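Report on the structure given below.
The values are calculated or read from the model by the stated rules, or taken from the named source; none is laboratory data. Computed from a predicted structure; not experimentally measured. Every residue, glycine as well, gets a Cβ built from its backbone with ideal geometry; the counts of neighbours run over all protein chains shown. Only protein heavy atoms, including side chains, enter the accessible area calculation; ligands, DNA and RNA are left aside. Shrake-Rupley method; radii C 1.70, N 1.55, O 1.52, S 1.80 Å.
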Amino acid sequence: MYQRFCFVSPVALTVAFMASTAQAQTAPVQAAETRDDENIIIVTATKREEALQNIPMSITAIGAQSLVEQNLSSISEYYTRIPGLTYAGKQQYSLAIRGVTNGVAGSPTVGVTIDDVPVGSTVFVGVSPVPDLDPAILQQIEVLRGPQGTLYGASSLGGLIRYVTAEPDSGRFFGRLQATGETTRKGGEGGSLRGALNIPVVTDRMAVSLSGFYRRDPAYADNVLAGFADKDANASRTYGGRAAMRFTPTENFSISVSGLLQRVRSRGLNAVYLKQDYTPQTGDLEYSALPNTDFTDYELLSGRMEYDLGPATLTSVTGYSHVRDGNEKDVTPFFSALIPVLNAFAGLGAAPSDRVAINQSRWTKKFTQEVRLASNGEEGVKWIVGAYFTKERIFNGQVIDALSAGGPRNIFTVRYDPEYREYAGFADVSVPLSSAFDIGFGGRIAHNRQLLPNVSSGPLNLLSGLPLNASARQRSSESVFTWQVTPRYRFSDDLMVYARAASGYRPGGANLGGTGIPETYDADRTTSYEVGLKGAVADGAVSFDIAAFYIDWRKIQLLATNPATGGTYFVNGDDAESKGVEGSILTRPWRGATLSANATYNEATLADSLPGGSVGLVGPAGTRLPFIAKFTGNIFAEQIFESGKGFDPFVAANLSYVGERKGLLPVSATSGRLSLADYAQLDLRVGVRAEGWSVELFARNLTDTRGYVAGDLLARTTTAGGFTVTPIRPRTFGVLLSADF
C-alpha cells in the first residue's frame, strides 16, 4: 500500500498520499528452549535467562517450531495470537503494542531486536520495514508489552519484539526439512521450502548451524486498470538464510558470530478499493492502479562474546545491519485534486496528465555496540549494568512524476541523507526484602544527536512557497532519562503477583525545513502502570497470566500541516492514554489435549482535543487512536491421538477475533474517517506425526471472511473517493510435509 513520507514542503494534499494503508493468547506458546523435566519456557527478555513465568512483566513467547507446524510465516499471520499487538502494515511505525500509535509515519513506537541487536531506523526518514523473519532461522519470538526504555532504549515506548535465533549445538548433529504447497480462493498457488542443519565441528567446543528458505505467497488481488489489467497481481516471494558459529574455547568463555540475509520481492498491491458504502468499487478483491513493484533486503552481521567471571558475566554484543527497500507505486488517488494544478506547473498543456507515480529507494546502515556486566546466581541481589552506542546512516530518495501520453514529467524530487548517533548507560537491580518479596529498580540515561540534510526540486516546491530548487540542513540533540520500578510477591513457587511502573521514549528530531516550520520537535514519552498475576495450578496442568495497565502518553509526535504553505512537518501535540486488561490461559485437561485462550480489552484514546488548524488533524478528547480494537481474542485447541503404533494423528483449530477499529485521524471536521468492521478468522489443521516426520493438511480462513487489517480514504480531504483497504488472505488450503534427521 501507499506509505507516508515527509517531503521538504509539499502541498497539504501529499499528507493523503503518505498514508500507509498497508497490508494488513497464542496457539500454545511453546518456546523452542524449554527444560524438559519441568516444561518451563525460558526467555532472555531481561538480558539473562529466566523462566517466563517468573518475570514480573507481560511477555508472550512463541517458539519457531510452533510457527513452522502451523505454517505461520509473518507477523501479519500470527499477530492476532499475541495479546496487545496490533499490525497495520509492513513498516515499523505500523506496529503497536497496547494501543500506543498515532497511525502515521514517524519513528516507531515498538522496538525490534535480533539477538539483542536493534534493527531498523530510529529516524522517521528511514521508515524501515518490519524485519519479518521466516521461522526457518529462528528459535523463538518474544513480545514484551509496556515501555522498555530501561534495558532497550529509544523507540520502545509501547513495547518490544525480540527475534531470537537458534544457537549452534556442539553436542549433536541434526537437521530438518519442510515443504508446503497452498492455493488461495480467487487467487493463485504458492509454497515454501525450508531447511536447517546443525554441525558439531569439535564436540562440546565448536559448532556451525546453517538454515535457508524460499517462500512464494499466493496472490489474490486483481488489477483492473484499463491497459494494465492483471489477474492475481499481488505476487510475492521471500528467500534467505542464516549461518552461525559458536566457539567455546574454555568453560567460562564463548564467542558467537552469525550472518543473516533475507530478500523480499513483490509486485502489485495487497490492497483493494471500496466505495463509500464499503462495497467493492468494481469487483471483489480488485484495485485500479499502475503496475507496482517493491523490494526489501535485510542483512545482519552480529557477534557476541561472553566471559563468566564467577560472580558476574561480562557480555559484548556487536551488530551491523543494512536494510534496503524501494518501490514504484501509483499514487494518483492521493493527488487527484491537484492534477490540474500540477499539469499547469509541469507545462503539460494540451496533453494533460491523468496519473501520478512515485519511485522511491531507501537504505539504513546501522552499527550498534553494547557491553554489559550481569550478576550470576538466582539468590540474593541481582543486578546488571551496561553501556550502549549506535550510529545510523540513512538515504531516502524520492521522485514523483506526472504521467501523460508525451511521457513522464517530474513534479518533485527529494533526497535525504540523515545521520543518527546515540550514547546510553543503564543499570537494573533486584533486591530481595524477604524470601517472598523483592523489588526491582532500573534507569537509563541516553543522549542522541541528529543531522538531517536534504535537497529538493520541482513544482511541488513552488506550490509550497519554496524555490524551485531548495535545500536545508537541520540538527537536533537531546538527553532523556527512563526508569522502571517492579515490586513482586511470590505466594508460592507457582503463583506470584507483581506491579510495574516504567517509562519509555521516542526520540525527537529535526524537521525538513520550509517557511513557518519549527526547526525541531521533542521526544514523546510514555509512563506505564501495570499490575499482574501469573501462576500455575493442578501440578502445572493449567497456567495463566492476567494484567491490567494504564499508559500515559505525553507530547505525542504528530504529522502537521502548515496552512500557509501546505508543508508537512512534525510537532508535539497533547496527550493520549491507553488502558485495558489482557489475559491468557493454557491447559492440558486430558492426555493429548491442549487448550489455550487469550483476550485483550484496550481503550486507547486522545486525552486532549486536537485543535486542527496548524496541526492539520482534528479529534475531540476521547477519540479512539487509529487501528486499535477495543476487544481482541484467540482460542486454540489441539488433540493428539496417541496410537501406540509409531504414529500419532492430530487435529487442531484456531479462532481469532479482531474488534471494530477506526482509521487514521481526520484532517478536517468534514473529511470523514474510515471504520473497519470486526471479523473472526478460523484456521484448521489435521495430520499425522511420527518419529522423524509429519504430514498435515491445513485450511486458513476457512469461512473466507473479508476482514481488513488497515485502510484509509483514497483522498483524505474527502470521503468521495471511497477507501483503500488491506484484506486478510482469502480462504487458503495447503499441505505441509516435514522430516527431522
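Structural remarks
- Filtered residues of region 216-234 (kept if assigned to a strand (DSSP E or B) and either under 27 Å from the mean Cα position of the chain (by Cα) or among the hydrophobic types (A, V, I, L, M, F, W, C) (or both)): 216, 217, 222
- The residues in region 409-432 that are within 26 Å of residue 125 (Cα to Cα) and open to solvent by 40 Å² or more (accessible area, probe 1.4 Å) can be counted, and the count is 8.
- Residues that are crowded, with 24+ Cβ neighbours inside 10 Å and part of a strand (DSSP E or B) within region 616-635 comprise 632, 634, listed in sequence order.
- Evaluation of residue 119 against (1) open to solvent by less than 10 Å² (accessible area, probe 1.4 Å); (2) within 22 Å of residue 324 (Cβ to Cβ) (one fails), failing number: (1)
- Members of region 646-669 found to be within 17 Å of residue 79 (Cβ to Cβ) and of a type in the set (A, V, I, L, M), listed by number: 655, 658
- For first residues located in region 658-679 and part of a strand (DSSP E or B), partners that are at pLDDT below 95 and among the aromatic types (Phe, Trp, Tyr) and lie 6+ apart or on another chain with Cβ distances below 8 Å form the pairs 661/627; 662/627; 676/627; 676/708; 679/708.
- Condition check for residue 21 on (1) surrounded by 24 or more Cβ atoms within 10 Å (Cβ to Cβ); (2) out of contact with any helix residue (DSSP H, G or I) (no Cβ under 8 Å at 6 or more places or on another chain); (3) at pLDDT 85 or above: one failure, at (3).
- So residue 238, is it among the hydroxyl-bearing types (Ser, Thr, Tyr) and buried (at least 17 other Cβ atoms within 10 Å of the Cβ): yes
- Taken over region 717-733, the criterion of being in a strand (DSSP E or B) and at pLDDT 95 or above is satisfied by 732, 733.
- Search result, residues across region 175-211 that are at positive phi and of a type in the set (Lys, Arg): 186
- Condition met for residue 260 (in contact with a helix residue (DSSP H, G or I) (Cβ under 7 Å, 6 or more places away or on another chain) and either modelled with pLDDT under 95 or among the hydrophobic types (A, V, I, L, M, F, W, C) (or both)): yes
Residue-by-condition table, conditions (1) open to solvent by less than 20 Å² (accessible area, probe 1.4 Å); (2) in contact with a Ser or Thr (Cβ under 8 Å, 6 or more places away or on another chain); (3) within 17 Å of residue 222 (Cα to Cα):
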residue: 257; (1), (2), (3): no, yes, no
residue: 261; (1), (2), (3): no, no, no
residue: 265; (1), (2), (3): no, yes, no
residue: 270; (1), (2), (3): no, yes, yes
residue: 276; (1), (2), (3): no, yes, no
residue: 281; (1), (2), (3): no, yes, yes
residue: 289; (1), (2), (3): yes, yes, yes
residue: 293; (1), (2), (3): no, yes, yes
residue: 296; (1), (2), (3): yes, no, no
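- Every residue from region 236-248 that is under 19 Å from residue 302 (Cα atoms) and either touching a His at 6+ places or on another chain (Cβ under 6 Å) or of a type outside the set (A, V, I, L, M) (or both): 240, 241, 242, 246, 247, 248
- All positions within region 368-382 that are open to solvent by 40 Å² or more (accessible area, probe 1.4 Å) and assigned to a strand (DSSP E or B): 369, 371, 373
- Scanning region 528-545 for residues that are in contact with a Lys or Arg (Cβ under 9 Å, 6 or more places away or on another chain), of a type outside the set (Gly, Ala, Ser) and surrounded by fewer than 18 Cβ atoms within 10 Å (Cβ to Cβ) yields 529, 531, 542.
- Of the candidates 483, 553, the single residue that is buried (at least 22 other Cβ atoms within 10 Å of the Cβ) and modelled with pLDDT of 90 or more is 553.
- Taking region 445-462 as the range and being open to solvent by 20 Å² or more (accessible area, probe 1.4 Å), of a type in the set (A, V, I, L, M) and touching a strand residue (DSSP E or B) at 6+ places or on another chain (Cβ under 9 Å) as the test, the residues that pass are 445, 451, 455.
- Scanning region 312-327 for residues that are open to solvent by less than 30 Å² (accessible area, probe 1.4 Å) and of a type in the set (A, V, I, L, M), we see that the one that is nearest to the chain's Cα centre (by Cα) is 323.
- Unmet requirement for residue 442, which otherwise passes all of (1) out of contact with any Pro (no Cβ under 8 Å at 6 or more places or on another chain); (2) surrounded by 15 or more Cβ atoms within 10 Å (Cβ to Cβ); (3) over 30 Å from residue 526 (Cβ atoms): (3)
- Residue 609 being under 30 Å from residue 697 (Cβ atoms), open to solvent by 10 Å² or more (accessible area, probe 1.4 Å) and of a type outside the set (D, E, K, R): no
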